[in-house]
1. Yes or no: region 262-282 includes at least one residue that is among the basic types (Lys, Arg), part of a helix (DSSP H, G or I), at pLDDT 80 or above and within 38 Å of the chain's Cα centre (by Cα).
2. Of everything in region 98-137, what is touching a Lys or Arg at 6+ places or on another chain (Cβ under 6 Å) and crowded, with 20+ Cβ neighbours inside 10 Å? Give them in sequence order.
3. Can you pull out every residue in region 138-188 that is surrounded by fewer than 19 Cβ atoms within 10 Å (Cβ to Cβ), of a type outside the set (D, E, K, R) and over 18 Å from residue 119 (Cα atoms)?
4. Restricting to region 119-174, name every residue that is out of contact with any Leu (no Cβ under 7 Å at 6 or more places or on another chain), charged (D, E, K, R) and in contact (Cβ under 8 Å) with a residue 40 or more places away in the chain.
5. In the set 292, 300, which member is at pLDDT 85 or above, assigned to a helix (DSSP H, G or I), closer than 30 Å to residue 336 by Cα and not basic (Lys, Arg)?
6. Name every residue in region 94-107 that is without any contact (Cβ under 8 Å) to a residue 60 or more places away in the chain and either of a type in the set (Asp, Glu) or closer than 10 Å to residue 140 by Cα (or both), in order of residue number.
7. Can you pull out the residues in region 77-111 that are within 18 Å of residue 145 (Cβ to Cβ), in contact with a Gly (Cβ under 6 Å, 6 or more places away or on another chain) and not hydrophobic (A, V, I, L, M, F, W, C)?
Amino acid sequence: MKRTISVMVGKGSVNHNSRKFHAKNTDPERSGRNVEYCNQDIQDIYHELFDESLVRYNDKQTRSDRRVDDYYEKICSGKQEKPFHEIILQIGNKDNTSAMTENGELAARVLAEYMEEFQERNPTLKVFSSHLHMDEATPHLHIDFVPFSTGSRRGLDTRVSLKQALAALGFKGGTRSDTEWNQWVAAEKEQLAAVMQRHDIEWEQKGTQEKHLSVLDFEKKERQKEVTVLEQEVGSLESESVALSGRIAENKAEIQGLDEVREEAEKVAEEAVERSEKAEQQVKVYEKELDIIKPVMESIDRELKEFRGKIEDTLPPAATLERAASYRENKAKPLFI
């Protein structure tokens, strides 16, 4: 027996999934056959996942406007992340797997078995609501989950992030068509196909070119090779970074030495300017003193000239063969005294 697999993005109406209200396409008389695997309040899940991280985040904030009082409300009012995500899985269609037939019952058992391993397989996708519906045309499974990541350096260290949650599971996007989400959905289809195989149901892909698990494994190995090459490049860059850091440290030391020389030169220049200013002030003082002394010197010079003439007229002549010392002591000195 062959059956298709459908995986759709749900609207995330938890009240509809739990049948708090019925849509037109449901049969309330068959709702008793529905299965509720879990149905927790999403805000309780947010408290469970993020409260400790929120406390650590708020303790680091120095501004009150950066504190977060309610993380769930912050995510709901923001545009970066959705509060939760939903996928809907279905085997076959209403023509070959009607909920009212044995094939529909078999599909329900397969979906139930798939659901048992979902949370263990996807630990970063916290499931808070999951329902198997048998009251519509075809059995299908709703799974609502909160994607989260740990060890973040921005914002809360544990926070809502679909991209990082899937990356932690090994799914890293490449092209627009090969996103983390598309890779994960393809892998989950493979998981559901494996459960179907145990119940003798073959996955009918109908030319959708779905990737088999072996192909996904090959791509993961290729990506691992790319990661290895990148790690080697990172190691080389780190070595270059260490060398550059050494040269930067040397340059910093040289710059510091030049700064010290510059500071010393500036200090010497300041002292020279200060000495020059003092010298200029001293010159002005000397000039003033010279103005005062100059007439005195001129007066002394006149008096010396006059005195010199008087001395020449007053000194007695030296005797014949009179010694200079005797002349000084006996004739000149008494005259001056």
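1. yes
2. First pass over region 98-137, keeping only residues touching a Lys or Arg at 6+ places or on another chain (Cβ under 6 Å): 134-135, 137.
134, the sole residue that qualifies.
3. Those that are surrounded by fewer than 19 Cβ atoms within 10 Å (Cβ to Cβ), of a type outside the set (D, E, K, R) and over 18 Å from residue 119 (Cα atoms): 151, 152, 155, 173, 174, 175, 177, 179, 182.
4. Within region 119-174, 121, 135, 136, 144, 157, 159, 172 qualify.
5. After applying the criteria, what remains is 292.
6. Result: 95, 102, 104, 105.
7. Residue satisfying the conditions is 86 alone.
Here is a yes/no grid of residues against (1) in a helix (DSSP H, G or I); (2) free of Cβ contacts under 8 Å to residues at least 12 places away in the same chain; (3) in contact with a helix residue (DSSP H, G or I) (Cβ under 6 Å, 6 or more places away or on another chain):
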| site | (1), (2), (3) |
| --- | --- |
| 7 | no, no, yes |
| 11 | no, no, no |
| 16 | yes, yes, no |
| 24 | no, yes, no |
| 46 | yes, no, yes |
| 57 | yes, no, no |
| 72 | yes, no, yes |
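The values are calculated or read from the model by the stated rules, or taken from the named source; none is laboratory data. Source: prediction; values computed, not measured. Cβ: placed from backbone, ideal geometry, glycine included. Neighbour counts: every protein chain shown.
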